[in-house]
Amino acid sequence: MDTLEQPDLMRYAALLPDTGEPGFGVYVHWPFCAAKCPYCDFNSHVRHQPVDQERFTAAFLKEMATVRQLSGVKTVTSVFLGGGTPSLMNPSTVSAILNGIAKHWHMPDGIEITMEANPSSVEAERFRGYRAAGVNRVSLGVQALNDRDLKFLGRLHDVADALNAIKLARDIFPRMSFDLIYARPNQTVEEWERELKEAISYAVDHLSLYQLTIEEGTPFYGLHKAGKLVVPDGDQSALLYEATQEITAREGMPAYEVSNHARPGAESRHNLTYWRYGDYAGIGPGAHGRLTRGAMKIATATERKPESWLDLVERDGHGILDQEQLGYEEQADELLLMGLRLKEGVDLARWQQLSGRDLDPKREEFLLEHGFVERIGNSRLRCTPSGMLILDSVVADLAC
């Protein structure tokens, strides 16, 4: 397939640069999909009758007002419309949601506003409507660049649809990312290298590259448990991961997080808010949030089922089921868990302030000696490439 012509990179200048601070994000969850993928354990739902978008929009706005009372005055640094499949929303729905965020919080010009989209639901007119509403970054769920594996993954689009969506996104939005899933059954390193190089030739500035995981409760889980679905073992998965890091770095899109790759300056601002342990408001069915109030951080979670969430919001003004106060130790653990995913690492001074202690010197020394972590100056700690392969173990070791 031919490489797509590169767009004018000067368009990126309109978006505000990353300051290095965690920031404050707003996440809005649109829970509906045209079909449920067999690997997906996200809070997504298929409805065979049209969704009442006006009613859901009114509920989003109502819940925003409640969350605004919890968060207090904030300057928004990013907005993320996730799902589900947000590109099933009408442009007028997106416009109303973004106007609501601007009403409840301070929303400067030039912040990153991302929308997830599936190639099967992409139309040029709809994309232009989203852009007019204020969306300036789109994230496409491509997942594979061959029709065989797209069918295996339960996707409704084919490669032709994916390339059309990529071209439209590049033409219409200042920034664009797309996702791929690798470590698929019988996938060789050579096959993945070819597919990844092809993907990079289409990408503008950002790729999200995830290994296929078998999640309990999904159709793939049942097939895997019955021995009918075999995924690459640990050694093969490690080889695929290492090839991913090598190729993306060589092509100028190095990893800035375990699964996310970008050209310098094009990292996802919203996801950086999560990984830098900033605050974010979660709006919509199944949305989670982290909001600081005084010395405490509150973890919020809303009702997952869309219709139940809608009834709660219309009755009570919100669908929040959980408001848990996180103590300093819990915050320190979350900071470590999120920050070690990043190439920039975690701010140790901030961790020490929250935890009230230093890292166990013996545990840190062990990890340093085995090449799993490294210090960046005196104030930051990060995982090495080897450490990223066993990230969960590294976090567990340091958090003890």
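What follows draws every value from the coordinates through simple rules; no lab data is involved. Keep in mind it's a predicted model, so treat the numbers as computed, not measured. Neighbour counts run over all protein chains shown; Cβ positions are idealised from the backbone, glycine included.
Brief remarks follow.
- The Rg/Rh ratio for the stretch 346-399 is 0.94, where Rg is the radius of gyration of the alpha carbons and Rh is the Kirkwood radius.
- Volume per residue of the convex hull around the Cα atoms, evaluated for the stretch 216-303, comes out as 166 Å³.
- Spin-label model distance (nm) - GLU330 vs GLU191, 7 Å beyond Cα toward Cβ: 4.4 nm
- Highest-fluctuation residue, ARG184, ARG126, ARG293 considered, GNM on the chain with Cα pairs under 10 Å: ARG293
- Using only alpha carbons, the chain has a radius of gyration to Kirkwood radius ratio (Rg to Rh) of 0.95.
- In this rough spin-label picture, where each label sits 7 Å from Cα along the Cβ direction, the LYS103-LYS151 distance is 4.8 nm.
- Here the spin labels are modelled as points 7 Å beyond Cα on the Cα-Cβ line, and at ILE390 and GLU344 they lie 2.8 nm apart.
- When peptides 353-362, 375-384, 283-292, 90-99 are ranked by their average number of other Cβ atoms within 10 Å per residue, the highest-first order is 283-292, 90-99, 375-384, 353-362.
- A Förster distance of 22 Å, applied to the separation of the beta-carbon atoms of LEU321 and ARG47, puts the FRET efficiency at 0.50.
- Mean-position separation - Cα centroids, the stretch 59-94 and the stretch 101-130, in angstrom: 11 Å
- No Cys partner within the rule (Cβ under 4.7 Å), the chain: CYS33, CYS383, CYS400
- Along its first, second and third principal axes, ordered by size, the stretch 263-400 spans 57, 36, 24 Å in Cα coordinates.
- With helices as the sole contributors, the chain gives -12000 deg cm²/dmol at 222 nm; each DSSP H run of n ≥ 4 counts as -39500 (n - 2.57), and the sum is divided by every residue.
- Between the beta carbons of GLN245 and ASN164, assuming R0 = 30 Å, the FRET efficiency works out to 0.50 to the nearest 0.05.
- Close amide H pairs (under 5 Å, H built 1.01 Å from N) link SER139 with MET115, GLU116, ALA117, SER177, residues at least 5 positions away or on another chain.
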